[in-house]
Amino acid sequence: MRHFFKVASVAIITLFTSCNSSAQKKDDYPVKIDSLIKTTNPRTFNGVVYIQQNGKEKYAKAFGYADFNKKTPLEISNKFSTMSIAKQITATLILQQVEKGTIDLHQPIRKYLPDFQYSWADTVTVHHLLNHTSGLYSDDLKPNLKFKTGKEFCYSNVGYYVAGLVLEKQSGKSYQELVTALFKKCKMNDSFYPTETSSQLLTKGHTIKEEVTFKLNKKSGFDPTNYFGSHLIVTAPDLAKWNECLHNGKLLKPETYKLMTNYSTTATHPIFGENPIGYGYGLRINDKADIYEIGHTGFHPSEGFTAVNLYYPKTKTSVIVMENVATENFEIAYYFEQEIRKIVMNSKLLK
């Protein structure tokens, strides 16, 4: 009988160990990310990876240097440029004005900018600007639109500049005032609107040339006209706080948030695969994947920053990757962001 209990005990321990080992294998995303970061082909990773779930830190590591010349190690608290992740912040501020009744998404912007010299102001609305269906060219205000407004998706940074002008006019406040108050509300204490003082805190960006040399960008080439859609200063942990605020009802009413995350246009982006996904207001909406996903990227080779901010509502999980490098070879620009996303999507973390 004693022999039977010994055998039974061994069997139970073996079974438990086996099950436990299997569970660990399914949830080994930190090990896989660590291993991925060691990769040097097709390029080298230099940045931070931050994962948060239900307000709790799950993974937080910095790799590489804040300054390639000085070999200063990066830290998770370093401050990066949002690049185009700023668009969702501008969109949120505009939607708050929509709730106050000062902005109508579907009124031509001529109503708000009566002295605007371009004829398209009579047909383009804030809605068109926020979801990139205005037809405006990406980097300039041209009299002629690239296509008929509302018909196609065409990513437009200048569209967010125009939207920002409407925001300032209708709110009666500067973008700096609005962003500063919004960051304070979300307790993003280490994030800032770019000023001469706060810009000194920004981690230096590095442009990786196609011939694998690099250029240290000592100063940002952006100016306030770009900030509405292309450049704010944040830390990765603060960006996770932003996700918690935005996606959990702390900034917008449910019906307004629904406007932001619904979509009437689709577009492709290498981070999310080959198939088109939705574009709401400053957010890409991936409701085609097995796991519902909301996110946006940021990339600017001449500034030297690459980033992705992903959020998974079902498990309240943020996946944030911020690099102070950007390669001129776009084919490998988002390599690590894509691979980290795949690791997380296939992990137990999102189940």
Problem set entry | residue 256 vs. criteria modelled with pLDDT under 95, under 30 Å from residue 99 (Cα atoms) and either surrounded by fewer than 21 Cβ atoms within 10 Å (Cβ to Cβ) or more than 20 Å from the chain's Cα centre (by Cα) (or both) | no
For this session: Determine if segment 103-110 includes at least one residue that is more than 20 Å from residue 281 (Cα to Cα) and buried (at least 23 other Cβ atoms within 10 Å of the Cβ).
Result: no
Exercise. Looking at this structure, is residue 320 free of Cβ contacts under 8 Å to residues at least 60 places away in the same chain and touching a Leu at 6+ places or on another chain (Cβ under 6 Å)?
Worked result: no
For this session: Please go through segment 50-82 and pick out each residue that is under 30 Å from residue 248 (Cα atoms) and charged (D, E, K, R).
Result: 56, 57, 58, 61, 75, 79
Seminar exercise, completed: Inside segment 111-151, the number of residues satisfying the requirement of being small (Gly, Ala, Ser), part of a loop (DSSP other than H, G, I, E, B) and free of Cβ contacts under 8 Å to residues at least 24 places away in the same chain is 3
For this session: For segment 281-291, enumerate the residues that are farther than 21 Å from residue 339 by Cβ and surrounded by fewer than 22 Cβ atoms within 10 Å (Cβ to Cβ).
Result: 285, 287
Exercise. When the residues of segment 157-215 are filtered to those that are among the β-branched types (Val, Ile, Thr) and assigned to a loop (DSSP other than H, G, I, E, B), which remaining residue is nearest to residue 323 (Cα to Cα)?
Worked result: 203
For this session: Go through the residues of segment 70-78 one by one and say whether even a single one is more than 19 Å from residue 228 (Cα to Cα), surrounded by 16 or more Cβ atoms within 10 Å (Cβ to Cβ) and either of a type outside the set (A, V, I, L, M, F, W, C) or modelled with pLDDT of 95 or more (or both).
Result: yes
For this session: For segment 177-189, enumerate the residues that are touching a helix residue (DSSP H, G or I) at 6+ places or on another chain (Cβ under 8 Å) and of a type outside the set (Val, Ile, Thr).
Result: 178, 182, 183, 185, 186, 187, 188, 189
For this session: Name the residue, out of 126, 158, 98, that is aliphatic (A, V, I, L, M) and under 20 Å from residue 222 (Cα atoms).
Result: 158
For this session: Please find, among 281, 311, the residue that is of a type outside the set (S, T, N, Q), within 26 Å of residue 57 (Cβ to Cβ) and in contact (Cβ under 8 Å) with a residue 40 or more places away in the chain.
Result: 311
Exercise. Do we find a residue being surrounded by fewer than 14 Cβ atoms within 10 Å (Cβ to Cβ), closer than 28 Å to residue 331 by Cβ, among the charged types (D, E, K, R) and in contact with a strand residue (DSSP E or B) (Cβ under 8 Å, 6 or more places away or on another chain) anywhere in segment 213-225?
Worked result: no
Exercise. Condition test on residue 297, is it outside any helix (DSSP H, G or I), under 22 Å from residue 53 (Cα atoms) and touching a residue at least 12 places away in the same chain (Cβ under 8 Å)?
Worked result: yes
Problem set entry | Matching option when the condition is touching a strand residue (DSSP E or B) at 6+ places or on another chain (Cβ under 8 Å) and closer than 30 Å to residue 213 by Cβ, among 319, 325 | 325
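The values are calculated or read from the model by the stated rules, or taken from the named source; none is laboratory data. It should be emphasised that the depicted structure is a prediction, and the values quoted were computed from it without experimental measurement. Neighbour counts run over all protein chains shown; Cβ positions are idealised from the backbone, glycine included.
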